[in-house]
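Read the figures in this text as sums done on the coordinates, not as results from a lab. What you see is a predicted model, and the numbers here were worked out from it, not measured in a lab. Here Cβ is always computed from backbone atoms with ideal geometry, including for glycine, and neighbour counts include all displayed protein chains.
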Amino acid sequence: MTKLRIAVQKSGRLHDDSMKILNEIGISIDNGKDQLKASAKNFPLEVFYLRNGDIPQYLIDGVVDAAIIGENVLIEKGGAISIVEKLGFSSCKVSIAVPKSAKYSGVQDLEGKRIATSYPNTVKQFLEKHNINAHLHIINGSVEIAPNIGLADAIVDIVSSGSTLFKNGLKEVEVLLKSEAVLAVSPMISAKNKATLDKLQFRLQSVLLGRQ
Ligand code: PRP
Ligand code: MG
């Protein structure tokens, strides 16, 4: 394999900024998101457009050499994936929220409660750490609706601007982790592709310095 294979979110909050930073480091990619794979014109690079949640496993298996991905997704999916560069965009938190009217004075109030989330491992870790037993409802999207439809007492999801919480009458009560977009590398990367990744990373560092 001679070209560096890098995964980028197919659609969602990281996609546009990921493509923008690649463009800023002088990598021009032919097409939009309709193709699942695209080659750079002027750099030995192939971009794979993938679903966020699938990317960690592709890195572990060496199907891709590197990825631009949210740190929160890497943490949720676990595995021995190294982060080589923090990219400074798509900052968010993974937080617990409850209805605005709910009484909340600390984690102990979650005991026995129903929590809806797309981040079950992150939530389980947090609950274990605090010795709390709660029931998890795993949902893939629109998690914030769960308390309003009687499915849960609390939710754990990404908070960025906070507008989704606000619109759904929820308040943030705990921050489980803070996250941003990162460049992550597969443990299976070849020496040749690692050398290409180093070049790409060097260019990224220059752009990031310029943004400060
Ligand atoms: C994401 C995330 C939160 C929201 C946070 O949802 O799941 O719900 O954005 O952003 P905010 O704090 O700026 O409102 P998204 O809109 O991507 O849809 P999904 O939950 O259906 O995946
Ligand atoms: Mg959402």
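Annotations
- Charge context of Phe126, other residues only, Cβ under 15 angstrom, K/R +1, D/E -1: -2
- Three-way shape call for region 92-178 based on the alpha-carbon gyration tensor, with the a/c threshold at 1.5: rounded
- Among Ser91, Ser105, Ser28: highest mean-square fluctuation, GNM of the chain, C-alpha pairs under 10 Å: Ser105
- Put simply, the convex hull of the Cα atoms in region 93-142 casts, on average, a shadow of 3.8 nm².
- The average projected area of the chain, computed from the convex hull of its Cα atoms over all directions, is 12.6 nm².
- GNM on the chain, alpha-carbon springs under 10 angstrom: the most fluctuating residue among Val64, Val84, Val47 is Val84.
- Rounded to 10°, Cα long-axis angle of helix 191-211 versus longest principal axis of the chain: 70
- Residue among Ser206, Ile132, Leu170 farthest towards the positive dipole end of region 125-212, charges placed on Cβ: Ser206
- Relative exposure of Asp65, Asp16, judged by other C-beta atoms within 10 Å (fewest first): Asp16, Asp65
- In region 1-60, trypsin sites (Lys or Arg not before Pro) in a DSSP loop with at most 13 other beta-carbon atoms within 10 Å: Lys33, Lys41, Arg51
- Only helices enter the 222 nm calculation for the chain: every DSSP H run of n ≥ 4 contributes -39,500 (n - 2.57), and dividing by all residues gives -8500 deg cm²/dmol, rounded to 500.
- Sites matching GluC sites (Glu not before Pro) across region 84-171 that sit in DSSP coil, with at most 13 neighbouring C-beta atoms within 10 Å: Glu111
- Summed residue charge, Cβ within 11 Å of Asn168's Cβ, Lys/Arg positive, Asp/Glu negative: +1
- Pairwise Lys count, region 92-178 - Cα closer than 12 Å, eight or more residues apart or different chains: 4
- Amide H within-cut-off set for Leu45, under 5 Å, with H built and near neighbours excluded: Leu4, Ala40
- Largest GNM mean-square fluctuation among Ser82, Ser142, Ser160, using the chain with Cα springs under 10 Å: Ser142.
- Charge context of Ile6, other residues only, Cβ under 10 angstrom, K/R +1, D/E -1: 0
- Percent RCO, i.e. relative contact order, over the chain, from Cα pairs under 8 Å lying at least 6 residues apart: 28
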